[in-house]
Amino acid sequence: MGPLSTIYNLALKCRRYCYDHLRKPNRLPAKVISIGNITLGGTGKTPAVIALAREAS
């Protein structure tokens with residue numbers, strides 16, 4: 001696992017550097033609420049979205 005974790009750590013550092021120094025943030029004309037992450041299914045996002053939509057309407 002040592003060599004794999006080293007490669008993974010290097011990739012994360014490279015990604016962080018790119019986002020910190022090379023990419024400019026995108027500005028949207030409206031506020032955005034993000035619920036959840038890239039996990040597919042089974043994490044309870046739908047009830048949270050329903051509750052948020054009811055609260056916002």
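Rule-based calculations on the coordinates, nothing more; no lab input. From a predicted model like this one, the values you see are computed outputs, not experimental measurements. FYI the Cβ positions are ideal-geometry reconstructions off the backbone, even for glycines, and counts take in every protein chain you see.
Summed over the chain, residues that are part of a helix (DSSP H, G or I) and over 16 Å from the mean Cα position of the chain (by Cα) total 26. Remark: pairs (first residue in the range 29-44, under 18 Å from residue 56 (Cβ atoms); second residue assigned to a loop (DSSP other than H, G, I, E, B) and of a type in the set (S, T, N, Q); Cβ separation under 7 Å; 6+ apart in sequence or on different chains) = 36/43. Residue 36 satisfies every condition listed in (1) in contact with a Gly (Cβ under 9 Å, 6 or more places away or on another chain); (2) exposed (fewer than 10 other Cβ atoms within 10 Å of the Cβ) except (2).
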